[in-house]
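In what follows, a single structure is set out as structure tokens and then discussed.
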Amino acid sequence: MSIDRATRTQESTSESSETAPLLEVSDLRVRFSRRGRHVHAVNGLSYRLRPGRMLAIVGESGSGKSVSVRSLMGLLPPTAQVSGSARFDGVELVGMPDKQLRRYRGADIAMVFQDPARSLNPTMRVGNQITEAIRAHSDVDRARARERAVELLRLVRLAAPEQRFHEYPHQLSGGMRQRVMIAIALGAEPRLLIADEATTSLDVTTQAQIMELLLDLQERLNMAVILISHDLGLAASYAQDVIVMYAGRAVERAATADLFEHVRMPYTRALLGAIPVLERQAHTLLPVIPGQPPDLGALPQGCPFRPRCSEATERCSEEPPFAEHEPGHWWACWHPATDQEEASA
Ligand SMILES: Nc1ncnc2c1ncn2[C@@H]1O[C@H](COP(=O)(O)OP(=O)(O)OP(=O)(O)O)[C@@H](O)[C@H]1O
Ligand code: SF4
Ligand SMILES: [Mg+2]
């Protein structure tokens, strides 16, 4: 069902390819410098995201997924140097002074993280936390904000919202707390919601419910969503587009069904290789690929995946460009798999 749904959604939103992108990231780079050592956490990332679309960013731990989105919101420490471009609704975010960026953060662009227990204030009733978030971003009085908070708790399908409004975070389950976090994020009516491993700590059933909720909100509110996940099944089930990251770079990017059916890049193949086709649709965490993820402070010459790649040749000592080799399908590799190889793998 999952990949079918991605295909359907892709078809149903194909007209939206005419819509202007909400977010346009070009050659985004983030470098951390400490005592003369440079770590290139994000290295030339480019993508576009349109309203009403969900983009999944997947990759091993340390591949730069979180840093890439945090850099858009000015949520990195001062040791980070960000360059390139990230235009949100035509406005450049890279280099924007923090004071100005704060107007976007939590407002037009909202984020939901993995651990709602840590993001919520334990000493404040959840309803008041949502009310405050609403009032921080709009000029409504307390009574109207409270009404809206209850509406939001209903929108995120929290049972008995009026009662939950008066409860403290510890009185709620993990799934309920994540719904509250989403309600807080929605309080500002964001146009882009970034979910960074937002369902990772939840059990599979709750995870699916939260993802269904995000999908529903994305469609109903025409919101753009970036889903950051270790879970390939989640990406396949819900996102319309997928970017696979390795060593701070996008190494393969395509519409979900295309990517999962016509894998080109050996790294993506390795990610999928250990997973039987049917299970690709279930919730499947990234398998462990032999070898170590690269040290971002001392990358090998050429293709960063080279030391772990079974297809590597001499040519791979030169870095392959990330380019659109087939319509809508981008990859960075000198020796991409063909459909025949994929079928016999
Ligand atoms: N504040 C920092 N100072 C120095 N290096 C950092 C900092 N934050 C992140 N990094 C480095 O940037 C790289 C990318 O980190 P990032 O958190 O984006 O990875 P990720 O893909 O989100 O991984 P995970 O799946 O584990 O969340 C890592 O190598 C990390 O060590
Ligand atoms: S460019 Fe070479 S080393 Fe890199 S993924 Fe492709 S085959 Fe492997
Ligand atoms: Mg992360």
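The values are calculated or read from the model by the stated rules, or taken from the named source; none is laboratory data. Quick caveat: nothing in here was measured; it's all calculated off a predicted structure. Cβ sites come from the backbone with ideal geometry, for glycine too, and all protein chains shown count toward neighbours. These accessible areas exclude ligands, DNA and RNA; they are computed on the full protein's heavy atoms, side chains included. Shrake-Rupley method; radii C 1.70, N 1.55, O 1.52, S 1.80 Å.
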| Pairs with Cβ under 9 Å, 6+ apart, first in the stretch 120-144 and more than 17 Å from Ala185 (Cβ to Cβ), second hydrophobic (A, V, I, L, M, F, W, C) | Arg125/Phe165; Val140/Ile134; Arg144/Ile134
| message | From the list Pro294, Pro300, exactly one residue is farther than 30 Å from Val204 by Cα, open to solvent by less than 80 Å² (accessible area, probe 1.4 Å), modelled with pLDDT under 95 and out of contact with any strand residue (DSSP E or B) (no Cβ under 9 Å at 6 or more places or on another chain). Which is it? | response | Pro300
| field | Candidates Ala110, Ala86, filtered to the one that is under 16 Å from Gly187 (Cα atoms), open to solvent by less than 70 Å² (accessible area, probe 1.4 Å) and touching a residue at least 40 places away in the same chain (Cβ under 8 Å) | value | Ala110
| Somewhere in the stretch 91-103, is a residue within 20 Å of Pro190 (Cα to Cα), more than 16 Å from ligand 3 (Cβ to nearest atom) and either in contact with a Pro (Cβ under 9 Å, 6 or more places away or on another chain) or of a type in the set (Phe, Trp, Tyr) (or both)? | no
| query | Does at least one position in the stretch 149-165 carry a residue that is touching a residue at least 40 places away in the same chain (Cβ under 8 Å) and farther than 30 Å from Ser71 by Cβ? | reply | yes
| message | Which of the numbered conditions does Asp4 fail, given that it passes all the others? Conditions: (1) open to solvent by less than 30 Å² (accessible area, probe 1.4 Å); (2) more than 16 Å from the chain's Cα centre (by Cα); (3) modelled with pLDDT under 90. | response | (1)
| Is there any pair with a first residue in the stretch 309-330 that is more than 16 Å from ligand 1 (Cβ to nearest atom) and a second that is in a loop (DSSP other than H, G, I, E, B) and open to solvent by 70 Å² or more (accessible area, probe 1.4 Å) whose Cβ atoms are under 6 Å apart and which are 6 or more apart or on different chains, and what are they? | Ser317/Gln301
